[in-house]
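Worksheet: one structure, shown below.
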Amino acid sequence: MTTNGGGSRTVSTPESSGSRSDATMTDNAPLGSPRVDDAVIESRGLDVFYGDDQALHGIDMDIPERKVTALIGPSGCGKSTFLRSINRMNDLIDIARVEGDLRFHGKNVYDDDVDPVALRRKIGMVFQKPNPFPKSIRDNVAYGLRVQGKDDGDVDAKVRTALERAALLDEVEDQLDSSGLDLSGGQQQRLCIARAIAPDPEVILMDEPASALDPVATSKIEDLVEELSEEYTVVIVTHNMQQAARISDKTAVFLTGGHLVEFDDTNKIFENPESDRVEDYITGKFG
Amino acid sequence: MSTNNPFADGTDDIERKRQIGRVFVGICFASTLVGIVALVALLADVIYESWGWVTWEFLTYPPSQVVENFLPDGRGAGIYPAIVGSIFLIALTAVFTIFLGVGAAVYLEEYAADSQLKSFIEANIANLAGVPSIVYGLLGLAIFVRGIQLGSSLIAGALTLTLLILPIVIVSTQESLRSVPDSQRQAAYGVGATQWQVIRDVVLPRALPGIMTGTILSLSRAIGETAPILMVGAATSLFVSPDSLTAPFSAMPMMIFEWATLPEPEFQHVAAAGIVVLLTILLLMNAVAILIRNKYDPRS
Ligand SMILES: Nc1ncnc2c1ncn2[C@@H]1O[C@H](COP(=O)(O)OP(=O)(O)O)[C@@H](O)[C@H]1O
Ligand SMILES: [Mg+2]
């Protein structure tokens, strides 16, 4: 599913939207290289509206498998909106409306026969503010397993594995039954990451996961993100450009108004962007 | 003005505004005082009237037509059947309201899509909360007592009280549900929970203290209501406690009402004793509500 994924996908889903084809670039295609070989997620002409306001305009980009893709841009440019449209968390916002295609392994997740609950079991999410449940650390991590019916067998082992992967096990090993709310902010966020990865999704979406944390906790999360990308596809929103530069393989730059302006390898974006506006943004001239 | 005071201009103005503020504080304090004094006077009067009349016999004996029986050295008479009646009444009402009230609130708040119909229903529920209790009494009489032939029974009384407090319970439950942070819902949806799982595992546990508080406070209003159960036909002097759902029943407010209307002046003391018992039960229920709220307050 890695090297020839792009080719076979084009063949297998020409009818899925009927409107656009993978091979041709659309009007909305951003600068840079919006196509990747091993895309897990492909956004094609994705528009998102909140009531009458359009928050995203024809977003066109691919998200590669087992890489870290960063979404950067000034606040209000639609990064969170794009992230939420990947696992259909936008469905929870009454006034939100999505048009265009958002494909996961070639299947448009907005097709009628896609169950958003099933989708979210494949695509986990970590939020800006740590949001552990007022339950024990163990029950927090096991929650995804429970709701997905994956809590047969050794739940405890699965909980420990998830905590281990989230680089939290050492710190909480002997207090698994105490409340998740008693942890520090950084630990809570790693707990939320453990909760997201325990049911073993393919993709993890992270919306500014470190923005509420101090620098030490932030750098732990950053290390963790890089490690997670060995097993998972990670999409991370950040408004911190150094962070994007440090941890991501691909970077998408959204600019005000909800446009994806440039998408490319992170090195390319930070060293030699094609768009002058992106360059201005990267060098701190605005935003 | 020998020294240069940078705050010189505008000082008078500040002083005048302060004075207005002080007057306002005075008015607010006086209002508070009126309320407190009235309450204390009321309590003092009831306690004074009932002094010596609230005995163990009063709590454990059925009522009597003869006032001497209520005296400490009498044969023993009291409010027992009405206490049992009120407790059964409230227990049944609690069961009905929790299912109907929480069910309706969860539906309106979590499931029903925003629509004009929903706003219309919600506005009406809010209005129903203000309908006088005697109207619910008439409704109960027409529907439960006569309509479905439950007669003047415990269950007819409980259903009538349920109608009375249902709107309040629905509104307060909706508020508790609304106060559950969205971030908690998102956390559950984010790991692939269905809407039902989110409501069961995250929303209801979190809203429970608020739901309980609202429900208990409503029930403590119901337990003191006289008009609706009067309409439904609760008995005044009943000498036995109800022993089935369809049995006739008495309740504390009815009993107190009966005593207060009797001609012998001593019965005023008996009525006062009944009021003390009723108020004690009310205070206990409210205390439980406050305990629950403090114990499960997510901010603590
Ligand atoms: N729930 C919502 N309801 C209405 N408008 C929203 C909502 N969420 C976001 N928006 C609007 O969509 C635009 C993009 O917001 P967002 O995706 O949160 O941007 P970012 O994450 O880049 O800061 C903003 O103009 C914002 O006001
Ligand atoms: Mg955001």
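The values are calculated or read from the model by the stated rules, or taken from the named source; none is laboratory data. Because the structure is predicted, anything quoted here is derived from the model rather than measured. A quick note on method: Cβ atoms are made from the backbone with ideal geometry, for glycine too, and the neighbour counts reach across all protein chains shown.
Numbers for the structure displayed
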| item | result |
| --- | --- |
| Lone unmet requirement of (1) in contact (Cβ under 8 Å) with a residue 40 or more places away in the chain; (2) buried (at least 20 other Cβ atoms within 10 Å of the Cβ) for B:Ile292 | (2) |
| Sole exception among (1) surrounded by fewer than 20 Cβ atoms within 10 Å (Cβ to Cβ); (2) over 24 Å from B:Ile216 (Cα atoms) for B:Glu110, by number | (2) |
| Index of the failed condition, A:Val117 passing every other in (1) β-branched (Val, Ile, Thr); (2) within 12 Å of chain B (Cβ to nearest Cβ); (3) crowded, with 21+ Cβ neighbours inside 10 Å | (3) |
| B:Gln149 being on the phi < 0 side of the Ramachandran plot and of a type outside the set (Gly, Ala, Ser) | no |
| Helices (runs of 4 or more DSSP H) (entirely within segment A:162-248) containing at least 2 residues that are buried (at least 21 other Cβ atoms within 10 Å of the Cβ) | A:185-197, A:215-228, A:241-247 |
| Within segment B:16-64, tally of residues that are assigned to a helix (DSSP H, G or I) and within 17 Å of B:Ile256 (Cα to Cα) | 12 |
| Pair list, Cβ under 9 Å, 6 or more apart: segment A:183-196 residue within 13 Å of B:Val191 (Cα to Cα), other residue basic (Lys, Arg) | A:Ile193/A:Arg165; A:Ala194/A:Arg165 |
| Segment A:40-59, residues that are buried (at least 23 other Cβ atoms within 10 Å of the Cβ) and more than 12 Å from the chain's Cα centre (by Cα) | A:Glu42, A:Ser43, A:Arg44, A:Leu46, A:Val48, A:Leu56, A:Ile59 |
| Meets criteria (surrounded by 21 or more Cβ atoms within 10 Å (Cβ to Cβ), in a helix (DSSP H, G or I) and within 14 Å of chain A (Cβ to nearest Cβ)) for B:Ala158 | no |
| Filter pass, B:Leu177 being in contact (Cβ under 8 Å) with a residue 24 or more places away in the chain and over 24 Å from B:Leu92 (Cβ atoms) | yes |
| Residue within segment A:6-25 that is modelled with pLDDT of 70 or more, of a type outside the set (D, E, K, R), surrounded by fewer than 18 Cβ atoms within 10 Å (Cβ to Cβ) and assigned to a loop (DSSP other than H, G, I, E, B) present | no |
| Filtered residue count, segment B:190-217, keeping only those that are facing chain A (nearest Cβ under 8 Å) and more than 17 Å from A:Pro134 (Cβ to Cβ) | 2 |
| Qualifying position, being among the small types (Gly, Ala, Ser), surrounded by fewer than 23 Cβ atoms within 10 Å (Cβ to Cβ) and in contact with a Pro (Cβ under 9 Å, 6 or more places away or on another chain), among B:Ala234, B:Ala129, B:Ala142 | B:Ala129 |
| Of the criteria (1) within 16 Å of ligand 1 (Cβ to nearest atom); (2) modelled with pLDDT of 95 or more, which one A:Ala210 fails | (2) |
| Any chance A:Ile247 is closer than 20 Å to A:Ala167 by Cα and within 16 Å of ligand 2 (Cβ to nearest atom) | no |
| In segment A:120-149, residue farthest from A:Leu181 (Cα to Cα) [restricted to those that are facing chain B (nearest Cβ under 7 Å) and touching a Phe, Trp or Tyr at 6+ places or on another chain (Cβ under 7 Å)] | A:Arg120 |
| Test: residue in segment A:71-80 that is closer than 18 Å to A:Met125 by Cβ, within 14 Å of another protein chain (Cβ to nearest Cβ) and hydroxyl-bearing (Ser, Thr, Tyr) | yes |
| Flag for A:Thr251 being crowded, with 22+ Cβ neighbours inside 10 Å, within 16 Å of ligand 1 (Cβ to nearest atom) and polar (S, T, N, Q) | yes |
| Scope segment B:107-121; condition touching a residue at least 24 places away in the same chain (Cβ under 8 Å) and more than 14 Å from chain A (Cβ to nearest Cβ); matching residues | B:Leu108 |
| Where B:Asp73 falls short, out of the listed (1) in a loop (DSSP other than H, G, I, E, B); (2) within 22 Å of B:Thr261 (Cβ to Cβ) | (2) |
| Pair list, Cβ under 6 Å, 6 or more apart: segment B:64-91 residue within 17 Å of B:Val240 (Cα to Cα), other residue of a type in the set (Asp, Glu) | B:Gly76/B:Glu57; B:Gly78/B:Glu57 |
| Subset tally (residues that are more than 14 Å from chain B (Cβ to nearest Cβ) and more than 24 Å from A:Val159 (Cβ to Cβ)) for segment A:191-210 | 0 |
| Any hit, segment A:130-143, residues being modelled with pLDDT of 95 or more, under 12 Å from the mean Cα position of the chain (by Cα), among the hydroxyl-bearing types (Ser, Thr, Tyr) and surrounded by 18 or more Cβ atoms within 10 Å (Cβ to Cβ) | no |
| Residue check, B:Glu225 of a type in the set (Asp, Glu) and farther than 22 Å from B:Tyr61 by Cβ | yes |
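Each row is one residue, and each column tells you yes or no for (1) surrounded by fewer than 23 Cβ atoms within 10 Å (Cβ to Cβ); (2) more than 8 Å from ligand 1 (Cβ to nearest atom); (3) among the small types (Gly, Ala, Ser).
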position: A:Ile72; (1), (2), (3): no, yes, no
position: A:Cys77; (1), (2), (3): no, no, no
position: A:Asp91; (1), (2), (3): yes, yes, no
position: A:Val98; (1), (2), (3): yes, yes, no
position: A:Phe104; (1), (2), (3): yes, yes, no
